[in-house]
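The values are calculated or read from the model by the stated rules, or taken from the named source; none is laboratory data. Being a predicted model, the structure only gives us computed values, none of them experimental. When we count neighbours, we look across all protein chains shown, and the Cβ atoms used for this are built from the backbone with ideal geometry, even at glycine.
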């Protein structure tokens with residue numbers, strides 16, 4: 001396809017001609033002002049826009065307005081089911097506010113995260129949502145660039161940036177208390193050692209409150225493979241815990257696979273409660289009991305936090321809910 | 001946070017002052033011309049850009065260049081594991097060509113797909129990748145807008161749009177032939193009725209070539225729930241096929257759950273071969289034997305097809321590969 005073969009782009013003048021109005025009136029309609037336009041005329045202009053497939057040059061409008069009504073989303077890896085669901089919820093929430101979401105994976109091989117942040121900033125985005133762990137330097141860069149930003153799904157407050165999250169410790173406590181309610185006393189935790197995880201604290205506190213000794217503490221990566229590796233280690237060690245709190249759905253699914261591969265029954269031999277509440281763990285067998293993060297509410301709040309910062313507290317923490325299925329030992333009829 | 005509290009954006013003049021050069025020289029460095037700049041001077045300018053965190057106004061550059069070095073991606077639902085992996089591969093492939101990817105879910109509740117296509121077009125994207133089924137009207141709109149576009153992962157060629165896909169029929173044949181190789185003769189197909197699926201044809205052809213009667217043909221939706229519902233129907237019917245070719249990994253995972261719930265063993269009672277090759281089906285138990293689509297190559301080709309249409313045939317079809325695990329009846333040592 002050569003450039004010559006492409007149809008000439010439709011201009012504002014074409015729209016004006018088709019609608020039988022001046023180009024100024026077309027502008028008033030498309031920019032919602034500064035002058036009012038009679039409803040029937042407005043209708044005619046919008047009809048012309050539709051029929052001709054006119055696309056106002058948003059790059060030009062971005063220049064004049066100083067922002068491109070786009071939001072940036074920095075996510076570590078959109079393939080992770082939790083982040084896939086978060087991306088989707090943020091896409092919906094930003095569309096609710098007539099913004100498009102520019103999603104950037106920070107695990108790209110081509111460039112360090114700081115360059116990706118600079119590139120997003122250079123596109124005059126009106127806000128940045130961060131679903132990725134930042135270095136101090138990256139955070140300082142974001143502050144220097146002056147883009148309204150919000151961290152989502154991280155652990156607690158971050159100095160200098162506003163945030164939206166869940167009460168991870170309380171969620172973990174709830175999961176462990178459910179396992180204790182089943183009568184299990186040897187309850188392990190599988191999570192990440194990458195940084196201090198409040199879920200680990202919640203697990204410890206729930207056991208302490210019930211006067212139980214903490215079971216095995218297994219550190220691994222936040223991935224299917226990480227859960228699988230942790231499960232293999234438990235099976236090979238030969239001393240299986242009676243129950244496990246897994247720090248993420250992905251870890252739980254990997255763990256489940258390793259246990260089944262090792263001939264261990266779930267929940268009869270080892271019960272599992274998981275964390276996140278993604279849809280995928282409702283389609284493993286046994287279905288996973290999981291601590292659910294309210295992604296839609298979190299996404300809606302994060303979008304408000306960057307577009308209208310004064311309307312949202314600097315840090316918003318949501319409560320989690322337990323979705324009870326069969327991996328914990330409950331039956332479908334419980 | 002008030003606007004006053006934000007630091008003043010760094011300007012080209014600031015960069016020039018810091019580097020001790022004229023603003024023209026800064027432009028030459030950032031735009032790679034039109035005049036050459038001595039290497040050491042260039043180094044100094046880039047250093048200043050880095051230190052000051054300068055962000056050239058890409059909206060202004062987009063205006064002058066007539067494109068914003070962004071690509072649009074229209075995807076039905078980024079949460080579907082196959083599309084999540086495709087999004088990730090396209091994000092990498094476009095970053096390889098210094099483009100950012102604007103991902104839009106076409107299942108948004110706010111607006112019909114045609115409006116989303118118009119919005120993407122109005123952002124002066126330099127290409128559009130479509131991983132979603134389009135209506136004839138939507139396709140006509142894209143052609144009228146004159147944006148270089150490519151369909152990815154659809155069935156065969158689409159009149160008027162270029163495409164990148166796999167040989168679905170051959171992939172399905174390969175999967176069924178593998179099941180036949182295990183000695184199974186009663187082989188069902190679970191897929192979507194939404195449109196004619198070449199995988200259904202591949203299944204039929206493979207059985208015909210082996211002089212076998214086609215087993216059950218179950219139509220359902222492309223989702224975990226769809227696979228689960230199909231599995232429930234098979235279990236309730238009481239006449240289980242000996243083996244199943246599932247048209248997607250999601251369908252296969254839902255099917256597996258329904259079978260286990262119904263006390264059916266996989267692969268001992270029912271063997272499964274799946275289609276797509278996403279990472280997730282390597283972490284179910286038994287692990288899924290699946291027909292793998294080469295997503296990275298497909299993504300790289302799709303990006304080339306929109307940025308450099310003359311270098312890519314109008315329709316590029318990739319071969320699939322069988323990833324053998326245990327759900328088909330093979331053992332880990334096979």
(message) Of everything in the stretch B:287-306, what is away from chain A (no Cβ under 14 Å), assigned to a helix (DSSP H, G or I) and in contact (Cβ under 8 Å) with a residue 60 or more places away in the chain? Give them in sequence order.
(response) B:298, B:301, B:302
(message) Would you confirm whether or not the stretch B:145-153 contains a residue that is in a helix (DSSP H, G or I), surrounded by 23 or more Cβ atoms within 10 Å (Cβ to Cβ) and at the interface with chain A (Cβ under 10 Å from one of its Cβ atoms)?
(response) no
(message) Anything in the stretch B:195-216 that is part of a loop (DSSP other than H, G, I, E, B) and touching a helix residue (DSSP H, G or I) at 6+ places or on another chain (Cβ under 9 Å)? List them, or say none.
(response) B:197, B:210, B:212, B:213, B:214, B:215, B:216
(message) Just checking, does the stretch B:268-286 include any residue being modelled with pLDDT under 95, assigned to a loop (DSSP other than H, G, I, E, B), outside the structural domain of residue B:246 (by TED's automatic domain parsing) and within 30 Å of residue B:239 (Cα to Cα)?
(response) no
(request) Output the number of residues of the stretch B:75-90 satisfying the condition of being part of a helix (DSSP H, G or I) and within 8 Å of another protein chain (Cβ to nearest Cβ). (result) 5
(message) Being surrounded by 14 or more Cβ atoms within 10 Å (Cβ to Cβ), more than 9 Å from chain B (Cβ to nearest Cβ) and at pLDDT 65 or above narrows it down to one residue among A:49, A:37; which is it?
(response) A:37
(message) Suppose we filter B:16, B:93, B:24 for residues that are under 23 Å from residue B:153 (Cα atoms), at pLDDT 85 or above, more than 9 Å from every other protein chain (Cβ to nearest Cβ) and assigned to a helix (DSSP H, G or I); which single one remains?
(response) B:93
(message) Filter the stretch A:130-143 down to the residues that are surrounded by fewer than 18 Cβ atoms within 10 Å (Cβ to Cβ) and part of a loop (DSSP other than H, G, I, E, B) and list them by number.
(response) A:133, A:135
(message) Checking residue A:309 against (1) touching a strand residue (DSSP E or B) at 6+ places or on another chain (Cβ under 9 Å); (2) surrounded by fewer than 18 Cβ atoms within 10 Å (Cβ to Cβ); (3) more than 10 Å from chain B (Cβ to nearest Cβ): exactly one of these is not met. Which one?
(response) (3)
(message) Checking the conditions here, which among B:223, B:248 is in the same structural domain as residue B:175 (by TED's automatic domain parsing) and modelled with pLDDT under 95?
(response) B:223
(request) Quickly run through the stretch B:96-129 and pick out the residues that are assigned to a loop (DSSP other than H, G, I, E, B), touching a residue at least 60 places away in the same chain (Cβ under 8 Å) and within 10 Å of another protein chain (Cβ to nearest Cβ). (result) B:97, B:124
(request) Output the residues belonging to the stretch A:232-253 that are surrounded by 24 or more Cβ atoms within 10 Å (Cβ to Cβ) and either away from chain B (no Cβ under 14 Å) or within 22 Å of residue A:196 (Cα to Cα) (or both). (result) A:243, A:244, A:245, A:246, A:247, A:248, A:249, A:250, A:251, A:252
(message) Looking at the structure I just gave you, is residue B:170 assigned to a helix (DSSP H, G or I) and modelled with pLDDT under 95?
(response) no
(request) Select from the stretch B:229-255 the residues that are in a helix (DSSP H, G or I) and within 28 Å of the chain's Cα centre (by Cα) and list them in ascending order. (result) B:229, B:230, B:231, B:249, B:250, B:251, B:252, B:253, B:254, B:255
(message) Here are the criteria: (1) within 25 Å of residue A:120 (Cβ to Cβ); (2) within 11 Å of chain A (Cβ to nearest Cβ). Tell me which single one residue B:142 does not satisfy.
(response) (1)
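Rundown of residues vs (1) modelled with pLDDT of 85 or more; (2) within 14 Å of residue B:160 (Cβ to Cβ), yes/no style:
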site	(1), (2)
B:119	no, no
B:140	yes, yes
B:144	no, yes
B:147	yes, yes
